[in-house]
Amino acid sequence: MTMTFPPGFLWGAATAAYQVEGAAAEDGRTPSIWDTFARTPGRVLGGDTGDTATDHYHRRREDVSLMAELGLGAYRFSVSWPRVQPTGRGPASRRGLDFYRALVDDLLARGIRPVLTLYHWDLPQELEDAGGWPERETAHRFADYAHLVGEALGDRVGLWTTLNEPWCSAFLGYASGVHAPGRTDDAAALRAAHHLNLAHGLGAQALRAVVPAGARLSVALNPGAVRARTPSPGDVDAQRRIDALSTRIFTEPMLRGTYPADLLADTAAITDWSFVLDGDMDVIKHPLDALGINYYAPSVVSAATDNRPVRADGHGGERSPWPGAGGVAFHRPPGKQTAMDWSVDPTGLYDLLMRFTREAPGLPLIVTENGAAYDDKPGADGTVHDPERIAYLHAHLEAVLRALTDGADVRGYFLWSLLDNFEWAYGYSKRFGAVYVDYATQARTPKSSAHWYARLMRTGQLPPR
Ligand code: FCB
């Protein structure tokens, strides 16, 4: 097997607005659901909030220089909706857009391709107050917002992502409640999933209308690499149910314009899906130029007599994020785990890349997120050695090469994350960065993995282990 990535392979790193920007109340930005959630006692570990985060809003220049020094070919970032459209409707905030204009200009000046995600979970609080994602109107608001951002940056951004991981927005946000807005209502979560799909389609339409013909549109999903614990019919059916709710609920509408029949049957006691209106499925099936896949770890499931708390699936919480799944137990796979308790298993990434090669032939794939959290600490000399992260990245990039060899059209890879940052309900306790952030001083120190990744980006060669 070759250890060389194809010429033109896009090498990048990713972040998201709420996780890195800070400046939560500056230049007209209003609260998002994550500001509200993080300020609610008990929701985020240690009471952490994104008020300051990694202060990227003020350190934009320094951070782009760091990216250039590392040799990033592309930077995947998200736009904060409440920063550019503070009430979630109406005209854009010039000051909000100015930040992203400056960021994109800085990136382009350093030869780094901007990859823009419109929605990485920070819904303007006003829209949640009006009902949030369970309401159809939110999808229309998203389309307007997509139009505003497309109009402002369409001439300079070549690759667009509508939503990041709508599964998390719908099911962690509205079913298990471990993410903002923290609601626990299964019917609302399924409505949210549909309206996120609709938002994706309407947003893609709105972008297409304003961005140049050459701009590419994508979505970043976190499809499940779900395995049955045993080949028994019960376990295999548990796998099917979780696959429907984690993956096919998004991929079937987006790629084929239908909801899977088994999903509708599994959830029939919760909802009749009458919120799916005529024409919705055609909108959702909007042509994509690439499919973004975020991958961290597989899950192992078995049939269970009740739908038990699913701590072992790595999402925490006491309530299941799987409405209609019935009795499913999640198991900790054997082998190494990261600081998130997620297992290190690159075969899940290989399997997903091959799955979408089969299921979406001709659609280029991009690994839009992959990485690992470890308990990194600076040594006495100030350097940060993270051999476990290097091993994780190496193994996953080997899986990408294997998929390429086996015919997958993988165009790029984005390491999560450029910087240590606000890891949602875990606050600052989990470090995913290739660059260490000292939150007291905001000093950035590239870890050994950053140097390792820089070399890989420069040579396109995966070194021997
Ligand atoms: C993904 C999110 C990203 C980050 C990683 C660890 O689910 O998209 O923001 O938190 O997990």
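The values are calculated or read from the model by the stated rules, or taken from the named source; none is laboratory data. Computed from a predicted model, the values in this text were never measured in an experiment. Note that each Cβ is placed from the backbone with ideal geometry, even for glycine, and that neighbours are counted across all protein chains shown. For the accessible areas, the whole protein counts, side chains as well, though only heavy atoms, and no ligand, DNA or RNA atoms are used. Shrake-Rupley method; radii C 1.70, N 1.55, O 1.52, S 1.80 Å.
Restricting segment 172-189 to residues that are among the aliphatic types (A, V, I, L, M) and part of a loop (DSSP other than H, G, I, E, B), which is most open to solvent (accessible area, probe 1.4 Å)?
Let us first name the residues in segment 172-189 that are among the aliphatic types (A, V, I, L, M), namely 172, 175, 178, 180, 187-189.
Then keep just the ones that are part of a loop (DSSP other than H, G, I, E, B); that gives 175, 178, 180.
Numbers: A175: 0, V178: 27, A180: 7 Å².
It comes out as V178.
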For this session: Determine whether V226 is surrounded by fewer than 24 Cβ atoms within 10 Å (Cβ to Cβ) and among the aliphatic types (A, V, I, L, M).
Result: no
Exercise. Can you tell me which residue in segment 274-321 is farthest from H331 (Cα to Cα), limited to those that are assigned to a helix (DSSP H, G or I) and either at pLDDT below 95 or open to solvent by 50 Å² or more (accessible area, probe 1.4 Å) (or both)?
Worked result: D282
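Output the residues belonging to segment 190-210 that are open to solvent by 10 Å² or more (accessible area, probe 1.4 Å) and either within 11 Å of G132 (Cα to Cα) or of a type in the set (S, T, Y) (or both).
Taking segment 190-210 as the starting set, the residues that turn out to be open to solvent by 10 Å² or more (accessible area, probe 1.4 Å) are 191, 202, 205-206, 208-210.
Scanning segment 190-210 gives a single hit, R191.
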Seminar exercise, completed: Here the residues within segment 335-351 that are out of contact with any strand residue (DSSP E or B) (no Cβ under 8 Å at 6 or more places or on another chain) and open to solvent by 40 Å² or more (accessible area, probe 1.4 Å) are D341, W342, T347, D351
For this session: May I ask you to list the residues in segment 383-393 that are more than 16 Å from the ligand (Cβ to nearest atom) and either acidic (D, E) or open to solvent by 10 Å² or more (accessible area, probe 1.4 Å) (or both)?
Result: T383, H385, P387, I390, A391
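Please specify each residue of segment 352-404 satisfying the condition of being charged (D, E, K, R), touching a strand residue (DSSP E or B) at 6+ places or on another chain (Cβ under 9 Å) and farther than 19 Å from A290 by Cβ.
Scanning segment 352-404 gives D376, K377, D386.
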Problem set entry | Out of W160, W167, sole residue that is within 16 Å of the ligand (Cβ to nearest atom) and either under 21 Å from the mean Cα position of the chain (by Cα) or at pLDDT below 95 (or both) | W167
Exercise. Would you say L255 is open to solvent by 30 Å² or more (accessible area, probe 1.4 Å) and under 30 Å from P231 (Cβ atoms)?
Worked result: yes
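Considering segment 2-26 alone, what residues qualify as being part of a strand (DSSP E or B) and within 16 Å of the ligand (Cβ to nearest atom)? Walk me through it before giving the result.
Within segment 2-26, the first condition is being part of a strand (DSSP E or B), and the residues that meet it are 4, 10-14.
Selection gives G12, A13, A14.
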Seminar exercise, completed: Going through (1) part of a loop (DSSP other than H, G, I, E, B); (2) modelled with pLDDT of 95 or more; (3) out of contact with any His (no Cβ under 8 Å at 6 or more places or on another chain); (4) open to solvent by 30 Å² or more (accessible area, probe 1.4 Å) one by one, T271 fails only at (4)
Problem set entry | Among (1) outside any loop (DSSP other than H, G, I, E, B); (2) closer than 30 Å to G407 by Cα; (3) more than 15 Å from the ligand (Cβ to nearest atom) - the single one R61 does not satisfy | (2)
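Can you find a residue in segment 368-382 that is in contact with a Leu (Cβ under 6 Å, 6 or more places away or on another chain), within 15 Å of the ligand (Cβ to nearest atom) and either open to solvent by 50 Å² or more (accessible area, probe 1.4 Å) or assigned to a helix (DSSP H, G or I) (or both)? Outline the logic, then answer.
At the first step, the residues of segment 368-382 found to be in contact with a Leu (Cβ under 6 Å, 6 or more places away or on another chain) are 371.
Pick out the ones that are also within 15 Å of the ligand (Cβ to nearest atom) and you get 371.
Narrowing further to those that are either open to solvent by 50 Å² or more (accessible area, probe 1.4 Å) or assigned to a helix (DSSP H, G or I) (or both): none.
Within segment 368-382, none of the residues are in contact with a Leu (Cβ under 6 Å, 6 or more places away or on another chain), within 15 Å of the ligand (Cβ to nearest atom) and either open to solvent by 50 Å² or more (accessible area, probe 1.4 Å) or assigned to a helix (DSSP H, G or I) (or both).
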Exercise. Quick one: in segment 420-447, which of the residues that are more than 17 Å from the chain's Cα centre (by Cα) and either within 11 Å of the ligand (Cβ to nearest atom) or farther than 22 Å from L70 by Cα (or both) is surrounded by the fewest Cβ atoms within 10 Å (Cβ to Cβ)?
Worked result: A440
For this session: Find the residue count for segment 224-264, including only residues that are among the hydroxyl-bearing types (S, T, Y) and closer than 17 Å to I293 by Cα.
Result: 3
Exercise. Quick one: is S169 of a type in the set (S, T, N, Q) and not in a loop (DSSP other than H, G, I, E, B)?
Worked result: yes
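Among the residues of segment 210-223, are any assigned to a helix (DSSP H, G or I) and not basic (K, R)?
To start, the set of residues in segment 210-223 that are assigned to a helix (DSSP H, G or I) comprises 210.
Then keep just the ones that are not basic (K, R); that gives 210.
Yes, because at least one residue in segment 210-223 is assigned to a helix (DSSP H, G or I) and not basic (K, R).
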Exercise. Quick one: which of V236, V219 is without any contact (Cβ under 8 Å) to a residue 12 or more places away in the chain, hydrophobic (A, V, I, L, M, F, W, C) and within 27 Å of L349 (Cβ to Cβ)?
Worked result: V236
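Please verify whether segment 134-154 includes one or more residues that are assigned to a loop (DSSP other than H, G, I, E, B) and within 16 Å of the ligand (Cβ to nearest atom).
To start, the set of residues in segment 134-154 that are assigned to a loop (DSSP other than H, G, I, E, B) comprises 134-136, 154.
After this cut, where a residue has to be within 16 Å of the ligand (Cβ to nearest atom) as well, the list is none.
Checked against the condition, which is being assigned to a loop (DSSP other than H, G, I, E, B) and within 16 Å of the ligand (Cβ to nearest atom), segment 134-154 yields no hits at all.
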